[in-house]
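These notes concern the structure reproduced below.
The values are calculated or read from the model by the stated rules, or taken from the named source; none is laboratory data. Everything quoted here is computed from the prediction, not taken from an experiment. Every residue, glycine as well, gets a Cβ built from its backbone with ideal geometry; the counts of neighbours run over all protein chains shown.
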Amino acid sequence: MIFGRDSERFEITLAKWEHPTPPSAPGGDLLFNVSVAAGGYGAADQVWVARAAWAAFLAQFRELERRRSGAAELRGLLPEEFGLRFFTFDRAGHLGLEGHLAGRRYSMGTARELRLAFHLELDPSELGPALEQFESVASAA
């Protein structure tokens, strides 16, 4: 799913679902490809999200789409590496997206953190199609 346009955008797609063993067991974490471009900066990485966190996010997103108020938040298995929040920022239901994408890279013998914090203003009409795509991820998992 792509949010925003042109040089200000956020994209998240399902890369892999870890099937729990046995199938009736809890678990089944999801791996997402994430990319963001904002303010002339960009980042891309893969992030793991717990299946329960995805389900909670989806429930919040359904309410956000239905009520056009509130927020829906998603955190990665390592919350310091990935966080995402869709939210309304006024009574008219205008929509914002904020988050961060971070990771460690080794350079000159030292682990160094790379981090991009971002915020985008979105068109509220993106909520319905996004909900459909997010629910398709949930049904695949």
Task: Residue that is closer than 23 Å to Asp29 by Cβ, aliphatic (A, V, I, L, M) and either modelled with pLDDT of 90 or more or out of contact with any strand residue (DSSP E or B) (no Cβ under 9 Å at 6 or more places or on another chain) (or both), where the choices are Ala140, Ala72 - done: Ala72
Open item on the list: Among the numbered criteria (1) out of contact with any helix residue (DSSP H, G or I) (no Cβ under 8 Å at 6 or more places or on another chain); (2) part of a loop (DSSP other than H, G, I, E, B), which one does Gly93 miss?
Closed with: (1)
Open item on the list: Against the condition more than 14 Å from Phe118 (Cα to Cα), crowded, with 16+ Cβ neighbours inside 10 Å, out of contact with any strand residue (DSSP E or B) (no Cβ under 7 Å at 6 or more places or on another chain) and of a type outside the set (Asp, Glu), how does Ala50 come out, does it pass?
Closed with: yes
- [ ] Run down Ala56, Ala72 and say which single residue is surrounded by 12 or more Cβ atoms within 10 Å (Cβ to Cβ) and either assigned to a strand (DSSP E or B) or in contact (Cβ under 8 Å) with a residue 24 or more places away in the chain (or both).
- [x] Ala72
Task: Residues of the range 75-88 satisfying the condition of being surrounded by 14 or more Cβ atoms within 10 Å (Cβ to Cβ) and not small (Gly, Ala, Ser) - done: Arg75, Leu77, Glu81, Phe82, Leu84, Arg85, Phe86, Phe87, Thr88
- [ ] Give the residues of the range 92-118 that are of a type in the set (Phe, Trp, Tyr) and either in contact (Cβ under 8 Å) with a residue 40 or more places away in the chain or surrounded by 10 or more Cβ atoms within 10 Å (Cβ to Cβ) (or both), sorted by residue number.
- [x] Phe118
